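Working notes, beginning with the structure itself.
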Amino acid sequence: MYSTMRHLGFVSLFVLMVWVCQSCLVGCEKAFQVIEKEVVAIIGPQSSSIAHIISAIANGLQVPQVSYAATDPTLSALQFPFFLRTVQSDSNQMIAMADLIDFYGWKEVIAIYVDDDYGRNGISVLNNELDRRMAKAFYKLPLPAHFAQSDIISLLNNSKLLGPRVFVVHVNPDPQLRIFAFAEKLQMMTSDYVWLATDWLSATIDSFSPMNRTALHSLQGVVGLRQHIPESNQKKDFMSRWRKMQQKGLATSQLNSYGLCAYDTVWTVAHSIDKFINDGNNLTFSSSDKLNDIKTGEMHLEKLKVFDGGDILLKELLQTNFSGLTGQVHFSSDRNIVTSGYDVINIDNMAVHTVGYWSGTFGFSVSPPETLQGTQHGNSEIDQELHSVTWPGGKIERPRGWVIADDERPLRIGVPYRASFVDFVTELHDSHQIVGYCIDVFTEALKLVPYYVPYKFELFGNGRSNPNYGQLVKMVADNVFDAAVGDIAIVKNRTEIVDFSQPYITTGLVIVAPIRNPKSSAWVFLKPFTVDMWCMTAAAFVIIGIVIWILEHRVNDDFRGPPRRQIVTMFMFSFSTLFKTNQEETVSTLGRVVMVVWLFLLMVITSSYTANLTSILTVQQLLSPITGIDSLIANTWPIGYQVGSFAYGYLSENLNIHQSRLVELHSPEEYESALRLGPDNGGVAAIVDELPYVELFLSKHTDFGIIGQPFTKRGWGFVSTFF
């Protein structure tokens, strides 16, 4: 421990510096040694774990503590009211990391972290942020606080047993870069892998001397975060002075972001103490009754004094606002430095490239956040942008981020064990093989996947009755099944809990009812009219012929002659009006009036006959008065539905049809029986079911037909939670 003197105005600032390594025990001991000197502020430490211990001591003695390197998010809790930091909290960094993972569309991640307060709490924030972004899997692989080579090799080998290939590394700065060095030896820096690192990596490599940059060869393709520090003349001047100190041998390492934060931290404390004294406050200390009552043997806790002006100095610190090396230095309400964001860096060919920037306001951009103030750049998805990244293996295409691991368990795919309409999906009883149209579609789609996907079908249901498809979908949501394949309709309430593939068949609810399907015969042309109608039509022809003869034969030579000729003329005139213009012309006025009326009636009769005959030849005749879904709702007849189908819920909940009207049917045989019995004999007036089932049913039962058009638009799809 040693002391130096700095001058700020007319106030002398004595700085006591203590090296506490990474040991909590040593840190605690050194903290007591410093506090015995009646200090008014504590700068540091670098370690989050030690910061927890010192913060508890600082709280008790009301001594403000300002850290430039402790990034554990939990240090911002109300438990530590005297703790401030001039470095960004890992809560911000993990939001940036989660945004980066989401930017590239990865849903499965492995986190490698050091198992202490710094590592655990930071990864916990990342886990929560990925949950908000609907990540599907998050594996945590901890390392001991002081991990050795064997720990790294064991952890990396265990990670190969998992499917994800996106790694987030959150450890303490490691000049040897051991994790990446061993990953390279284990062939884990290939194009299948994605390696992301928090700002420990940038802090490490920024501290390397230019001669030591060859160590970056093991970082090929790694993407990391670096605390963003805006460019300024103040920073350039300081870096120039630092390089001169290096040339004189007064400094041995390069400056990283933590070094610049440390510089601003000293000035933050100095400015605050200066203002504290200038405001007329005194640096006084008093004994604590609680400490005086504690008997601790040789520790002599009664020597520790409480800083009387701690609350006032803390307030001065929180009101700090000046331009430092790291930008504008001022604190938020949670006692953290107001964040300026992060640089996104990419290591390629042993060089560090900045591929973009992240800030909480603008998200990802290729311009520094301070240059975007007042622009139209927003935080929407379409505004997010990064430069091209070179990934491990030298590729610029975004890696898929996961593989089928060597011992990956097969995907558990739930399949409905149908009892009816087994053409779509069923199990062959002799071979126990699952077959059907839906299975064929799935296997053909799987052939298009450019890698092997192990899977196994698991039947859902007992095979004696169709299963409830809503329960099958829920089991996928609850991870009982990884996916589901079958005749599963895509409906709104299901899409809220699982993902569906694109529909592989279009469907919808339709109405099935009995129809009259007469057989064709040579006498079908007589069916448009009844016998009575035919008789009346024939009589009309005869009467018209007689009336025209009576009116014309006296004045028209065409209607005169021998009796036989007159009879033939009379009837030929009447019947020939159906096909052509009559050779005989009407002369009398009354005759022409009768012909006008007759031709009008003949047009009506001909049109009616043509329409009826066309209907008979082309349209099946209904045996029920149901014309569509509206007429079905308006009546009180029973309606059949297929057990397990979503039709029951749609009819009762969406169309408000009383449940007592809905009749459960289990098979095509029950369909046929219920329709033939009808609503008056214990059957149903109609059946509402999905179009594929109905088409299959009608292909074998021609006495029934579809009424109207489908009144819902749906599709069948495959179900999972990771489409």
* **Computed [θ] at 222 nm, deg cm²/dmol, the chain (DSSP H ≥ 4; -39,500 (n - 2.57); rounded to nearest 500)** => -10500 deg cm²/dmol
* Asked: Under a straight-distance cross-link criterion of Cα-Cα below 17 Å, which aspartates and glutamates are reachable from Lys456, leaving out those fewer than 8 residues away in the same chain?
  -> Asp406, Asp407, Glu408, Glu427, Asp440, Glu444, Asp482
* So, in Å, what gap is there between the alpha-carbon centers of the range 592-614 and the range 456-476? -> 62
* Asked: Once a ≥ b ≥ c are taken as the square roots of the eigenvalues of the Cα gyration tensor of the range 524-618, is the result rounded (a/c under 1.5), prolate (a/b larger than b/c) or oblate (a/b not larger than b/c)?
  -> prolate
* **Summed residue charge, Cβ within 13 Å of Val719's Cβ, Lys/Arg positive, Asp/Glu negative** => -2
* May I ask for the percentage of alpha-carbon pairs in the range 411-507 that lie more than 22 Å from each other? => 26
* Asked: Peptides 250-262, 479-491: what's the order by average Cβ count within 10 Å, highest mean first?
  -> 479-491, 250-262
* 11 Å beta-carbon shell around Glu695, net charge (K/R +1, D/E -1) -> -2
* **Counting DSSP beta bridges with both ends in the chain, the antiparallel % (nearest 5)** => 55
* Efficiency by 1/(1 + (r/R0)^6): what FRET value for Asn233 and Tyr504, r their Cβ-Cβ distance, R0 = 56 Å, to the nearest 0.05? -> 0.30
* Please determine, in degrees from 0 to 90 and to the nearest 10, the orientation of helix 257-278 with respect to the longest principal axis defined by the Cα atoms of the chain, where the helix direction is its Cα long axis. => 70
* Within 10 Å of each residue's Cβ, count the other Cβ atoms and sort Met189, Met94, Met350 from fewest upward. => Met350, Met189, Met94
* To do: Based on the mean of other Cβ atoms within 10 Å per residue, sort peptides 307-315, 74-82, 594-602 so the most packed one is first.
  => 307-315, 74-82, 594-602
* Structure fact -> Taking Cα atoms, the helix 531-552 axis meets the longest principal axis of the chain at an angle in degrees (rounded to 10) of 50
* Asked: If you put +1 on each Lys and Arg Cβ and -1 on each Asp and Glu Cβ, how big is the dipole of the chain around its Cα centre, in Debye rounded to 20?
  -> 1060
* Asked: Where the centroid of each part is defined by its Cα atoms, how far is the range 254-289 from the range 156-218 in Å?
  -> 37
* To do: Determine the sum of side-chain charges near Ile312: Lys and Arg each +1, Asp and Glu each -1, restricted to other residues whose C-beta is under 12 angstrom from that of Ile312.
  => -2
* Asked: Over the Cα atoms of the chain, what is the Rg over Rh ratio if Rh follows Kirkwood?
  -> 1.30
* Once the Cα atoms of helix 24-35 and of the chain are each reduced to a long axis, what angle between those two axes, in degrees from 0 to 90 to the nearest 10, is obtained? -> 50
* Student exercise, the range 434-508 dipole from Lys, Arg, Asp, Glu Cβ charges, in Debye to nearest 20 -> 120
* To do: Give the whole-number value, in cubic angstrom per residue, of the convex hull volume spanned by the C-alpha atoms of the range 123-273.
  => 174
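The numbers here are math on the coordinates, done by the rules we state, and not lab data. Predicted, not measured: the structure shown is a model, and the values here were computed from it. Cβ coordinates were reconstructed from backbone atoms using ideal geometry, including for glycine residues, and neighbour counts include every protein chain displayed.
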